[in-house]
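Read the structure below first, then the notes.
The values are calculated or read from the model by the stated rules, or taken from the named source; none is laboratory data. Fair warning: this is a prediction, and the values are worked out from it, not measured in the lab. Cβ coordinates were reconstructed from backbone atoms using ideal geometry, including for glycine residues, and neighbour counts include every protein chain displayed.
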Amino acid sequence: MKSQQAPCPHKTTQALIVGGGMVGCATALMLAQQGKRVTILERAEPKAISAQSPMGLRVSALNLASEKLLSEIDCWNDIVGVRACRYRRLAVWEDQLEPVEFHADDISQTHLGHIVENDVVQMVLWQRCLQHELIDCQLIGSVESLMQQHNHSELTVDGDVYRADLVIACDGGQSRIRQLAGIGVEGWQYQQHALVVGIDTEQASQDITWQQMSATGPKAFLPLAQGKGSLVWYHHADEIAQLKKLPHPQLLSAIRQAFPDQLGHFAIEQVASFPLTRQHAQAYVDGRVVLLGDSAHLINPLAGQGVNLGFKDVRALIDVMADADEANWASDKILTAYQRQRKFDNLAMMSAMDAIYATFSNARPSVKIARQFGLNLINKLPMAKRLATQYACGL
Ligand SMILES: Cc1cc2nc3c(=O)[nH]c(=O)nc-3n(C[C@H](O)[C@H](O)[C@H](O)COP(=O)(O)OP(=O)(O)OC[C@H]3O[C@@H](n4cnc5c(N)ncnc54)[C@H](O)[C@@H]3O)c2cc1C
């Protein structure tokens, strides 16, 4: 940390990415493929993980579009090489009623996606960034200030001044860059929290992820590599706080009572809880600053779309930049085109999640009949089912 020293000469780069998480590193690698010089500033060194490491608790269901993007930056095989669990089926049902099952065969694919630990994805991407000659990865203390000029931005970090054509915020939901750029957010905290429980099942890894809806909130199972799994239990914040305090044997019986029989036998390995937040940046662009991933949007994790939307942001930004000439790759026109593409799409997905959430949390008999009718209809209309599956897979 050099915050007491006088600022040293500028460090210049074309793209300055703040946040070396999944979205930040993917953006860096994509930009480097376009020949851009990139600097990534990250405050916590990503963990080194091997197939023998304990299973991480934060996992994501990566859809086919995300897999494609990660393949294009030559990272997907390495991610799967550490560990990932492929799933071919996705089932949703309400209480004891008949499930709607989406199958990879319905859309002529071998699978619907993979469940992967966030730390594995970040580690592989970060390592690839470290190896890339156009990418400079820096571990930093704190971002102090942002100054915007006509055709560049300057960021003061630990006393050093970085000058870049474009500052790209990939620093998550509490984005410091978003705050420094003065971009506001809209949103709210949901009344529910999510309890995430890492489990060891007695079966080999399963090829199905499922979600049981109920008026108190969904209960989901995500299969992981090595016969492990992740349970997500949505409930009121107070209930989740109580459940989290329980010793593992009591929590295990509470889960057995609340979750469907499909779960089978399992042992609890670790437990954590997360508040559920909806947050949307009022703008994705301000001068020479652009927001991607969670810095732009936090979505209810109900359908596991968070980082998939972040990777869609990356794809959109890279595509609009690919069409620009060298002098204008970070111009207002290009950044506005990115915002136009992504802001509405992200808002539509957030609103769809909220509609599903509200519909399934409603105990009124008429609403219950209507939603069961809707689920049955999807089951009986192959075309509707195919379209829903393709959309969830990002196709
Ligand atoms: C319970 C739960 C379940 C979820 N399940 C899924 C799922 O199944 N599928 C899915 O797609 N998504 C899921 N998500 C969402 C997903 O985890 C996020 O969308 C994803 O992590 C966002 O990635 P990101 O790179 O944008 O941000 P982050 O993962 O938050 O990464 C931000 C990075 O920036 C760094 N950083 C932050 N501030 C600074 C700073 N000032 N200076 C330097 N570096 C900084 C951080 O250290 C971090 O490395 C879930 C979320 C929750 C809460």
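A few comments on the model shown:
- Yes/no for residue 344 being within 13 Å of the ligand (Cβ to nearest atom) and assigned to a helix (DSSP H, G or I): no
- When residue 324 is tested against (1) of a type outside the set (Phe, Trp, Tyr); (2) under 21 Å from residue 91 (Cα atoms); (3) not in a helix (DSSP H, G or I), just one condition goes unmet, and that condition is (2).
- Options 220, 194; residue that is touching a helix residue (DSSP H, G or I) at 6+ places or on another chain (Cβ under 7 Å) and either surrounded by 16 or more Cβ atoms within 10 Å (Cβ to Cβ) or on the phi > 0 side of the Ramachandran plot (or both): 194
- The set of residues in the range 268-296 that are basic (Lys, Arg) and more than 13 Å from the ligand (Cβ to nearest atom) contains only 288.
- For the range 46-78, the candidate set comprises residues that are under 29 Å from residue 271 (Cβ atoms) and away from the ligand (no atom under 14 Å from the Cβ); within that set, the residue that is surrounded by the most Cβ atoms within 10 Å (Cβ to Cβ) is 55.
- Residue selected from the range 164-176 under the condition over 15 Å from residue 152 (Cβ atoms) and not hydroxyl-bearing (Ser, Thr, Tyr), by the criterion farthest from the ligand (Cβ to nearest atom): 169
- Considering (1) closer than 15 Å to residue 316 by Cα; (2) surrounded by fewer than 24 Cβ atoms within 10 Å (Cβ to Cβ), the lone condition that residue 26 does not fulfil carries the number (2).
- Hits in the range 277-300 - residues which are touching a helix residue (DSSP H, G or I) at 6+ places or on another chain (Cβ under 9 Å) and surrounded by fewer than 21 Cβ atoms within 10 Å (Cβ to Cβ): 278, 279, 280, 283, 287
- Inter-residue pairs, beta-carbon under 7 Å, first touching a residue at least 60 places away in the same chain (Cβ under 8 Å) and in the range 375-390, second in a helix (DSSP H, G or I) and of a type in the set (Val, Ile, Thr), 6+ apart: 385/378; 386/107; 388/378; 389/107; 390/107
- Answer residue from the range 232-252, given it is more than 16 Å from the ligand (Cβ to nearest atom) and of a type in the set (A, V, I, L, M) and is surrounded by the fewest Cβ atoms within 10 Å (Cβ to Cβ) among those: 246
- Reported count of residues in the range 178-226, each being within 15 Å of the ligand (Cβ to nearest atom) and charged (D, E, K, R), is 2.
- Failed item in (1) farther than 19 Å from residue 69 by Cβ; (2) at pLDDT 95 or above, with residue 131 passing the rest: (1)
- Qualifying residue in the range 27-43 (condition: among the charged types (D, E, K, R) and away from the ligand (no atom under 16 Å from the Cβ)): yes
- Cβ-Cβ under 7 Å pairs, at least 6 apart or on other chains, the range 340-359 side over 14 Å from residue 316 (Cβ atoms), far side part of a helix (DSSP H, G or I): 353/302; 353/303; 356/302; 357/302; 359/367; 359/371
- Scanning the range 316-339 for residues that are touching a Leu at 6+ places or on another chain (Cβ under 6 Å) and either away from the ligand (no atom under 16 Å from the Cβ) or among the basic types (Lys, Arg) (or both) yields a count of 1.
- Taken together, the residues in the range 289-308 that are of a type in the set (Gly, Ala, Ser) and at pLDDT 95 or above amount to 3.
- Residue within the range 2-18 that is under 12 Å from residue 120 (Cα atoms) and either under 21 Å from the mean Cα position of the chain (by Cα) or within 12 Å of the ligand (Cβ to nearest atom) (or both) present: no
- Lone qualifier among 62, 70 - being closer than 11 Å to residue 311 by Cβ, touching a helix residue (DSSP H, G or I) at 6+ places or on another chain (Cβ under 8 Å) and in a helix (DSSP H, G or I): 70
- One residue alone among 6, 51 is farther than 29 Å from residue 320 by Cβ, modelled with pLDDT under 95 and in contact with a Lys or Arg (Cβ under 7 Å, 6 or more places away or on another chain), and that residue is 51.
- From the list 226, 189, 206, the one residue that fits, being at pLDDT below 95 and closer than 18 Å to residue 93 by Cβ, is 206.
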